1. On the given criteria, is Ala605 surrounded by 13 or more Cβ atoms within 10 Å (Cβ to Cβ), modelled with pLDDT under 90 and closer than 22 Å to Thr163 by Cα?
2. So which of Arg355, Arg370 is modelled with pLDDT of 90 or more and touching a Pro at 6+ places or on another chain (Cβ under 9 Å)?
3. Residue check: is Ala254 assigned to a loop (DSSP other than H, G, I, E, B), touching a strand residue (DSSP E or B) at 6+ places or on another chain (Cβ under 8 Å) and of a type in the set (A, V, I, L, M)?
4. Output the residues belonging to the range 603-641 that are under 12 Å from Asp589 (Cβ atoms) and part of a loop (DSSP other than H, G, I, E, B).
5. List the pairs whose first member sits in the range 594-606 and is touching a residue at least 12 places away in the same chain (Cβ under 8 Å) and on the phi > 0 side of the Ramachandran plot, whose second member is of a type outside the set (S, T, N, Q) and buried (at least 18 other Cβ atoms within 10 Å of the Cβ), and whose Cβ atoms are under 8 Å apart, counting only residues at least 6 apart or on separate chains?
6. So which residues in the range 425-456 are open to solvent by 40 Å² or more (accessible area, probe 1.4 Å) and over 18 Å from Asn395 (Cα atoms)?
7. With the checklist (1) modelled with pLDDT under 50; (2) open to solvent by less than 70 Å² (accessible area, probe 1.4 Å) in hand, flag the one item Ala84 doesn't pass.
8. Kindly state which strands (runs of 3 or more DSSP E) lie completely within the range 270-383 and contain at least 2 residues that are surrounded by 23 or more Cβ atoms within 10 Å (Cβ to Cβ).
Amino acid sequence: MRHYSSIKTRSSLCFMLSAVLLFLFTFNLRLIAQDKSGVDIPAQFNYSTSNTGSTSEPMMTSLQPGEQQFAPEKRSLLDQLRNARLNNDLVKAEELRTTLDQLDGLTAYVPQENNDPSNNPIREKFVTMNVKPPFVYEGDFSVSTISSAGIWAVATASSNRSTAIFAATTEYVSGAGDNVKIFVSYNGGATWNLKYTYNGFASGVDCRAGELDIEPIISGSDTLVYCAVGINYNSHAWSTMIVANIGTGAGSGATWSFGGYLSANVNYYNPKVTSDNTTYSNASYIYMTSSFDSAGTTRYTTRYLLVTSPFTTSPTYIYRQPNAPNGFWWQSNGLTPNTYLHQDICYYNTGSVDRIYTVYNHAGTATDKRVYIAWSNDYGVTVGAGNTLTLTETNNILSAVCAANGGIGRQTVAIGYRMLYSAGDWDYRIQYSPSGGTSSGVFTGQYMEYTSDTSKLISLQAVDLANGKFVTGNAMNGGEHYYRSFNGTAVGTIYQTNNIPGDFSYGGCRAGYWNSTNPDSCVVVWSPNLGAGALCSRLICSTVGIQNNGNGVPSEFSLKQNYPNPFNPVTNIKFSIPRSSFVKITVFDITGKEIAKIVNENMNAGTYTVDFNASNLATGVYLYRIDAEGFTDVKKMMLIK
């Protein structure tokens with residue numbers, strides 16, 4: 001549990017403390033000096049022939065078992081279900097899924113009712129929120145504010161179906177249950193709109209540090225965001241699911257109500273969420289996993305659920321336990337209490353199969369060097385003996401995550417984890433597979449970070465429908481945050497993304513991207529030291545905002561006509577200043593209402609070009625004005641969408 005005494009004052013004092021202790025991270029996006037060779041030693045991959053899924057007796061072999069085979073009737077039903085979903089035939093899809101459940105012998109699970117108000121973390125089921133706090137547009141290499149509250153965790157996600165960027169925070173509330181907030185940016189992270197607040201937790205609920213994952217799903221005008229949130233309540237851990245409709249502001253919260261969740265010695269934590277929205281639209285499914293542990297032998301495993309009708313703010317959660325005892329195939333017995341189970345889930349489509357792919361590892365022993373992998377080809381009903389792998393490194397590993405690019409027939413997948421180099425030095429490593437990550441010979445390992453400092457937190461996000469394109473983030477022991485892209489076997493430049501000391505205990509940093517034509521779509525959502533707010537770094541990989549055209553010192557102030565004009569949605573504005581001046585360029589709508597400040601800073605003499613992105617504005621005439629040392633000029637521009 002987090003100490004209240006350290007939280008109460010942090011919102012008001014943390015930035016002051018940061019200013020006093022400020023070591024002024026270099027914000028010119030410098031390259032990390034790698035002080036190790038970075039030579040790749042390939043990991044070992046083995047298959048399990050065990051029917052128990054036990055990590056204590058994995059019965060590993062280098063021989064790949066045969067691919068899981070379904071009876072002709074089940075195979076036909078799965079194919080029909082996929083086609084019905086691709087055709088957005090929800091009625092037919094539900095009929096086929098019901099038939100499949102009957103064929104598999106599955107019975108509808110009725111969630112265990114939690115009628116004890118003293119042991120119920122969810123106080124309310126329905127909350128709406130339409131408050132939009134004020135924000136200021138930032139220029140190139142900018143850091144925008146998402147929230148100024150005390151932060152437990154941050155998350156971000158994007159979608160191939162939208163140019164919006166989604167973010168969420170879990171925020172501390174003194175004397176009451178904590179809040180979950182969902183934000184959306186329509187201009188590449190320059191400004192953020194608060195779209196939904198869930199404040200339905202019971203008094204005494206504290207969100208768990210770092211445990212927040214989000215997934216947006218979009219169909220036509222409907223946009224919903226699913227949040228997987230870990231909380232502490234009544235001395236044990238719970239997993240909760242928050243869902244919000246971005247358009248209407250309606251939403252709800254629910255507790256993971258399965259498998260003895262009410263017992264004081266049972267913990268559900270570190271929940272993760274994904275979807276197949278890259279393949280399906282209004283017939284999308286949501287998939288969630290949660291870490292689970294119980295007393296007695298102290299068993300650790302991954303629990304799983306799905307939502308087959310997710311475009312509602314009161315969804316039905318379907319819990320399943322594929323194959324292995326009480327979990328998603330792999331399970332560990334006999335670990336010491338308080339061992340932390342790291343796990344994650346992603347989705348991809350093989351062209352003929354929708355595949356749910358999971359990873360799992362824990363800090364159970366000093367010699368644990370494995371990531372356990374399992375996948376299901378029938379929406380989590382079964383995991384065949386040939387659907388498991390173990391990834392073994394030469395040194396200890398932690399913090400397993402996974403991501404996939406999604407879409408029909410696209411099987412690019414990546415697994416990330418921290419690997420121990422020496423005492424106190426953990427590096428960030430990626431294993432990439434272009435063909436689904438289901439056999440030992442298809443992975444390529446690369447380091448995202450391998451300095452003598454240690455990566456405390458890591459993040460991995462796939463760029464939707466981009467073969468092999470991933471973005472990564474890591475928070476270092478000294479509070480530096482870094483961003484690095486990864487495309488198949490090639491890694492991009494490392495960029496530092498925070499301009500003040502960053503956090504590695506609460507919010508940390510989450511790498512993301514802006515789905516746009518902008519050549520610099522790099523985004524990182526992060527928290528300053530001690531979780532004092534949530535910020536967004538944007539335009540961090542190239543100088544595409546304000547550009548110095550390098551044509552010498554101009555003779556006079558000037559503001560040029562934007563180009564192109566008309567435009568959609570990005571245009572360039574050129575201006576000149578003959579001497580160092582404070583420059584402000586403001587955009588207004590035709591009524592004179594201020595829309596954005598695209599320049600607002602001291603600048604040296606020169607001729608500059610600045611980009612203006614109007615992706616969140618409606619078609620119409622807009623005005624832009626320059627103010628610099630008494631010089632003012634106004635011009636019109638036309639946005640046509």
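1. Values: surrounded by 13 or more Cβ atoms within 10 Å (Cβ to Cβ): yes; modelled with pLDDT under 90: yes; closer than 22 Å to Thr163 by Cα: no.
No.
2. On the way: Arg355 fails: touching a Pro at 6+ places or on another chain (Cβ under 9 Å).
Sole residue among the options that is modelled with pLDDT of 90 or more and touching a Pro at 6+ places or on another chain (Cβ under 9 Å): Arg370.
3. no
4. Of all residues in the range 603-641, those under 12 Å from Asp589 (Cβ atoms) come to 614, 617-624, 636-637, 639.
Result: Ala614, Leu617, Ala618, Thr619.
5. Gly606/Ile577
6. Answer for the range 425-456, where residues must be open to solvent by 40 Å² or more (accessible area, probe 1.4 Å) and over 18 Å from Asn395 (Cα atoms): Pro434, Ser435, Ser440, Gly441.
7. Failing condition for Ala84: (1).
8. Numbers: elements: 286-294, 299-307, 318-320, 341-349, 354-362, 370-376.
Filter on the range 270-383 gives 286-294, 299-307, 341-349, 354-362, 370-376.
The values are calculated or read from the model by the stated rules, or taken from the named source; none is laboratory data. Since the structure is predicted, the reported quantities are computational estimates derived from the model, not experimental observations. So basically every Cβ, Gly included, is an ideal-geometry build from the backbone, and we count neighbours across all protein chains shown. We work out accessible area using only protein heavy atoms, side chains counted, and drop any ligands, DNA or RNA first. Shrake-Rupley method; radii C 1.70, N 1.55, O 1.52, S 1.80 Å.
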